[in-house]
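Participant: Structure in structure tokens, see below.
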Amino acid sequence: MGNGLASTAHQDHRRQRLIMQPAFRHEHLRGYVSVMRQEITAAMESWHDGGCVDLVDEMFTLTTTIALRALFSSQLDPARAEVLRHAFDTFLRGI
């Protein structure tokens, strides 16, 4: 997985964590809640009474969609966001 935040050790981890920390400040979290609500509502609207839903797949899709939208909302159009979500899905399932 390389030298990323989740897989690196000691000094590199600390440096990367400090770089990421501002994204998790209280004022940013409010915006993430809005993204979460919108995506949860959209997901639930696609479910229908009497239908069958694979909750593992749905929750994984929901989680990746929320994470990518929260991180890249102003930079990605919907089509590119979907391509990135599928790539992220493949990456996470692979690790």
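Participant: Out of 30, 15, 37, which single residue is out of contact with any Leu (no Cβ under 9 Å at 6 or more places or on another chain), under 23 Å from residue 91 (Cβ atoms), assigned to a helix (DSSP H, G or I) and among the charged types (D, E, K, R)? Working first, answer last.
Facilitator: Numbers: 30 fails: under 23 Å from residue 91 (Cβ atoms); 37 fails: under 23 Å from residue 91 (Cβ atoms).
So the residue among 30, 15, 37 that is out of contact with any Leu (no Cβ under 9 Å at 6 or more places or on another chain), under 23 Å from residue 91 (Cβ atoms), assigned to a helix (DSSP H, G or I) and among the charged types (D, E, K, R) is 15.
Participant: On to the next question. Just to be sure I understand the filter: pairs with C-beta atoms under 7 Å, separated by 6 or more residues or on different chains, first member in the range 5-30 and closer than 20 Å to residue 69 by Cα, second member part of a helix (DSSP H, G or I) and among the basic types (Lys, Arg). Which pairs pass?
Facilitator: 5/17
Participant: Go through the residues of the range 47-57 one by one and say whether even a single one is closer than 26 Å to residue 23 by Cα, part of a helix (DSSP H, G or I) and modelled with pLDDT of 75 or more.
Facilitator: So in the range 47-57, the residues closer than 26 Å to residue 23 by Cα come out as none.
There is no residue in the range 47-57 that is closer than 26 Å to residue 23 by Cα, part of a helix (DSSP H, G or I) and modelled with pLDDT of 75 or more.
Participant: Considering each of 25, 93 in turn, give the residue that is closer than 23 Å to residue 6 by Cβ, among the basic types (Lys, Arg), surrounded by fewer than 13 Cβ atoms within 10 Å (Cβ to Cβ) and more than 15 Å from the chain's Cα centre (by Cα). Can you show your working first?
Facilitator: On the way: 93 fails: more than 15 Å from the chain's Cα centre (by Cα).
Of 25, 93, the one residue that is closer than 23 Å to residue 6 by Cβ, among the basic types (Lys, Arg), surrounded by fewer than 13 Cβ atoms within 10 Å (Cβ to Cβ) and more than 15 Å from the chain's Cα centre (by Cα) is 25.
Participant: Return yes when residue 4 is in a loop (DSSP other than H, G, I, E, B), of a type in the set (Gly, Ala, Ser), out of contact with any strand residue (DSSP E or B) (no Cβ under 6 Å at 6 or more places or on another chain) and modelled with pLDDT of 85 or more and no when it is not. Talk me through it step by step, then tell me what you get.
Facilitator: Details: in a loop (DSSP other than H, G, I, E, B): yes; of a type in the set (Gly, Ala, Ser): yes; out of contact with any strand residue (DSSP E or B) (no Cβ under 6 Å at 6 or more places or on another chain): yes; modelled with pLDDT of 85 or more: no.
Spelling it out, it is not the case that residue 4 is in a loop (DSSP other than H, G, I, E, B), of a type in the set (Gly, Ala, Ser), out of contact with any strand residue (DSSP E or B) (no Cβ under 6 Å at 6 or more places or on another chain) and modelled with pLDDT of 85 or more.
Participant: State all residues of the range 7-39 that are under 18 Å from residue 63 (Cβ atoms) and β-branched (Val, Ile, Thr); if no residue qualifies, say none.
Facilitator: Across the range 7-39, the qualifying residues are 33, 35.
The values are calculated or read from the model by the stated rules, or taken from the named source; none is laboratory data. Predicted, not measured: the structure shown is a model, and the values here were computed from it. Every residue, glycine among them, receives a Cβ derived from its backbone with ideal geometry; neighbour counts consider all protein chains shown.
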